[in-house]
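To keep things clear, I will list the structure first and then write my remarks on it.
The values are calculated or read from the model by the stated rules, or taken from the named source; none is laboratory data. The shown structure was predicted, so the numbers you read here are calculated from the model rather than taken from an experiment. Cβ atoms come from the backbone with ideal geometry, glycine included; neighbour counts cover every protein chain shown.
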Amino acid sequence: MANPVQFISQVRAEVGKISWPTRREVVTTTIMVLIMATLASIFFFLVDLAIKSGLAGILSVVGS
């Protein structure tokens, strides 16, 4: 196990290697995530609605 001073030095060196995203990249990816989440929620809503309608139709035929 390395001593604490050496460990902190290594951590600082590794943090210096990180490629941080620009503000524009963060905004762009955030907008893309929000768009994809919205599209996914609309898709699953429509699938749920179709399944509900299909089951209601089947149950109305079987129940008659």
#### Entry: Filter result (surrounded by fewer than 10 Cβ atoms within 10 Å (Cβ to Cβ) and assigned to a helix (DSSP H, G or I)) within region 22-55
ARG23, ARG24
### Query
Would it be correct to say that ILE58 is of a type in the set (A, V, I, L, M), loosely packed, with under 10 Cβ neighbours inside 10 Å and at pLDDT below 95?
no
